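Structure first, then comments.
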Ligand code: PMP
């Protein structure tokens with residue numbers, strides 16, 4: 001008879017391999033987070049280069065103050081959903097601020113970015129609708145489609161041509177609509193969607209375009225609305241979702257729409273109705289961050305300069321980078337074992353990046369993923385670059401050490 005956890009034997013083997021090489025890269029514990037760019041493990045200070053803290057606002061004095069004031073005024077928790085237990089003034093204020101920022105009449109906030117996509121996608125797509133989703137869609141977009149009875153079709157990553165072909169092949173959708181779901185900047189490679197082209201194709205076929213700007217809201221566009229704003233098409237996008245956990249230095253998420261009728265979905269979206277609403281402090285920190293974002297041209301300029309500096313430096317060293325310069329810079333490694341070994345070496349040398357491996361990565365790639373922050377200085381980027389130079393210089397000894405560790409563990 002099989003045991004309940006037998007199905008995880010292959011996964012356990014991968015984790016065991018990683019533990020032979022070093023520490024568990026997917027379970028790092030920081031003893032202290034000192035600032036937007038520094039953490040501490042034991043007595044070692046670590047340069048944080050894998051946090052998604054794009055604008056570096058987690059320690060911003062106004063965001064911190066807003067969160068503290070909200071706790072003083074309205075307590076630490078909401079204890080329930082807005083449907084069952086009521087809405088707080090903070091929820092309404094934040095929805096209004098984001099609506100105004102994006103110029104969209106409807107905005108709904110959710111408890112996490114993950115739940116945002118679960119809720120909005122499942123709320124928008126009914127049995128007769130068809131969801132067209134990018135092949136590299138984030139897990140919460142995929143999971144959102146699983147909460148619906150709509151059929152789902154994947155199109156080639158970042159290919160409006162492939163979407164066009166599939167929409168044409170689909171033809172008239174009897175009693176339903178096409179909902180096309182893409183992302184602004186993709187989280188693993190840091191590549192950017194041609195939103196203007198996707199809009200054109202989607203609307204030409206009478207569909208609706210939904211864009212997850214989790215990694216791009218706050219980061220791109222003259223006022224920080226995201227890639228759609230940067231490409232000059234924000235006013236035509238049907239739905240924009242994002243998270244508060246990256247540029248907004250909090251936790252939660254939102255979906256906004258040019259369609260005022262989106263409001264009705266509050267009464268059907270299960271991940272909105274049957275879970276506690278975000279806390280006053282989370283929502284207030286995000287609200288303070290929205291006003292920083294609107295005036296945050298200098299933060300975005302800094303982030304862009306740092307991204308260009310790092311991208312140029314790594315390219316000159318001969319690293320294989322997955323996309324053009326953006327706040328996410330992914331370095332492609334030959335396989336999981338090498339990536340894990342290098343990740344450990346970087347950690348031992350005081351630089352934290354993300355080890356990104358399948359199934360969370362496109363093309364089954366193994367990556368050292370760096371996410372930059374406006375709070376990084378030029379000196380910080382130089383430190384990251386010299387760590388990556390160190391990786392190259394120490395390849396031979398690292399390989400020997402890895403082989404020895406694997407042997408010792410056998
Ligand atoms: N969308 C995308 C594209 C993401 O990368 C993530 C998380 N990294 C989410 C949504 C979910 O956001 P959160 O972690 O805030 O729940």
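The values are calculated or read from the model by the stated rules, or taken from the named source; none is laboratory data. Please read all numbers here as calculations on a predicted model, not as lab measurements. Please note: Cβ atoms are built from the backbone with ideal geometry, for glycine as well, and neighbour counts cover all protein chains shown.
Taking the condition surrounded by fewer than 20 Cβ atoms within 10 Å (Cβ to Cβ), outside the structural domain of residue 369 (by TED's automatic domain parsing) and within 30 Å of residue 233 (Cβ to Cβ), does residue 65 pass? Reasoning before the result, please.
Working: surrounded by fewer than 20 Cβ atoms within 10 Å (Cβ to Cβ): yes; outside the structural domain of residue 369 (by TED's automatic domain parsing): yes; within 30 Å of residue 233 (Cβ to Cβ): no.
Considered against the rule, which asks whether it is surrounded by fewer than 20 Cβ atoms within 10 Å (Cβ to Cβ), outside the structural domain of residue 369 (by TED's automatic domain parsing) and within 30 Å of residue 233 (Cβ to Cβ), residue 65 comes out as no.
Suppose we filter 173, 182, 192, 211 for residues that are within 25 Å of residue 96 (Cβ to Cβ) and not assigned by TED's automatic domain parsing to the domain that holds residue 325; which single one remains?
Numbers: 173 fails: within 25 Å of residue 96 (Cβ to Cβ); 182 fails: within 25 Å of residue 96 (Cβ to Cβ); 192 fails: within 25 Å of residue 96 (Cβ to Cβ).
None of the other options fit; the residue is 211.
Of all residues being touching a helix residue (DSSP H, G or I) at 6+ places or on another chain (Cβ under 7 Å) and under 22 Å from residue 255 (Cα atoms) in segment 159-187, which is farthest from the ligand (Cβ to nearest atom)? Just the residue, please.
178
Of the numbered conditions (1) more than 14 Å from residue 117 (Cβ to Cβ); (2) crowded, with 24+ Cβ neighbours inside 10 Å, residue 175 fails exactly one; give the number of that condition.
(2)
Looking at segment 178-198, which of the residues that are out of contact with any strand residue (DSSP E or B) (no Cβ under 6 Å at 6 or more places or on another chain) and closer than 17 Å to residue 239 by Cβ is surrounded by the fewest Cβ atoms within 10 Å (Cβ to Cβ)?
So the residue we want is 196.
Of the conditions (1) touching a strand residue (DSSP E or B) at 6+ places or on another chain (Cβ under 6 Å); (2) without any contact (Cβ under 8 Å) to a residue 40 or more places away in the chain, residue 363 satisfies every one except a single condition; which number is it?
It fails just one condition, (1).
Have a look at 253, 218 and point out the one that is within 12 Å of the ligand (Cβ to nearest atom) and either modelled with pLDDT of 95 or more or closer than 17 Å to residue 125 by Cα (or both). Talk me through it step by step, then tell me what you get.
Numbers: 218 fails: within 12 Å of the ligand (Cβ to nearest atom).
Selected residue: 253, the only one of 253, 218 that is within 12 Å of the ligand (Cβ to nearest atom) and either modelled with pLDDT of 95 or more or closer than 17 Å to residue 125 by Cα (or both).
Out of all the residues in segment 100-122, which are touching a residue at least 40 places away in the same chain (Cβ under 8 Å) and either surrounded by fewer than 22 Cβ atoms within 10 Å (Cβ to Cβ) or more than 16 Å from the ligand (Cβ to nearest atom) (or both)?
If the condition is that a residue be touching a residue at least 40 places away in the same chain (Cβ under 8 Å) and either surrounded by fewer than 22 Cβ atoms within 10 Å (Cβ to Cβ) or more than 16 Å from the ligand (Cβ to nearest atom) (or both), then 101, 102, 103, 104, 105, 106, 107, 112, 114 are the ones that fit.
Would you tally the residues in segment 228-249 being within 16 Å of the ligand (Cβ to nearest atom), more than 22 Å from residue 124 (Cα to Cα) and in contact with a strand residue (DSSP E or B) (Cβ under 9 Å, 6 or more places away or on another chain)?
3
What's the number of the condition residue 76 fails, among (1) more than 16 Å from the ligand (Cβ to nearest atom); (2) part of a helix (DSSP H, G or I)?
It is condition (2) that residue 76 fails.
Evaluate the following for residue 143: is it under 25 Å from residue 232 (Cβ atoms) and surrounded by 17 or more Cβ atoms within 10 Å (Cβ to Cβ)? Write out each step before concluding.
Working: under 25 Å from residue 232 (Cβ atoms): no; surrounded by 17 or more Cβ atoms within 10 Å (Cβ to Cβ): yes.
Against the criterion (under 25 Å from residue 232 (Cβ atoms) and surrounded by 17 or more Cβ atoms within 10 Å (Cβ to Cβ)), residue 143 does not qualify.
Is it true that residue 225 is more than 10 Å from the ligand (Cβ to nearest atom), on the phi < 0 side of the Ramachandran plot, assigned to a loop (DSSP other than H, G, I, E, B) and in the same structural domain as residue 99 (by TED's automatic domain parsing)? Before the answer, list the steps.
Details: more than 10 Å from the ligand (Cβ to nearest atom): yes; on the phi < 0 side of the Ramachandran plot: yes; assigned to a loop (DSSP other than H, G, I, E, B): yes; in the same structural domain as residue 99 (by TED's automatic domain parsing): yes.
Here the answer is yes, as residue 225 does meet what is asked.
Regarding segment 116-126, can at least one residue be identified that is at pLDDT 95 or above, out of contact with any strand residue (DSSP E or B) (no Cβ under 9 Å at 6 or more places or on another chain) and assigned to a helix (DSSP H, G or I)?
Restricting attention to segment 116-126, the residues satisfying the condition of being at pLDDT 95 or above are 116-126.
Subsequent filtering for residues that are out of contact with any strand residue (DSSP E or B) (no Cβ under 9 Å at 6 or more places or on another chain) retains 122, 126.
Narrowing the set further to residues that are assigned to a helix (DSSP H, G or I) leaves 122.
The answer is yes, given that some residue of segment 116-126 is at pLDDT 95 or above, out of contact with any strand residue (DSSP E or B) (no Cβ under 9 Å at 6 or more places or on another chain) and assigned to a helix (DSSP H, G or I).
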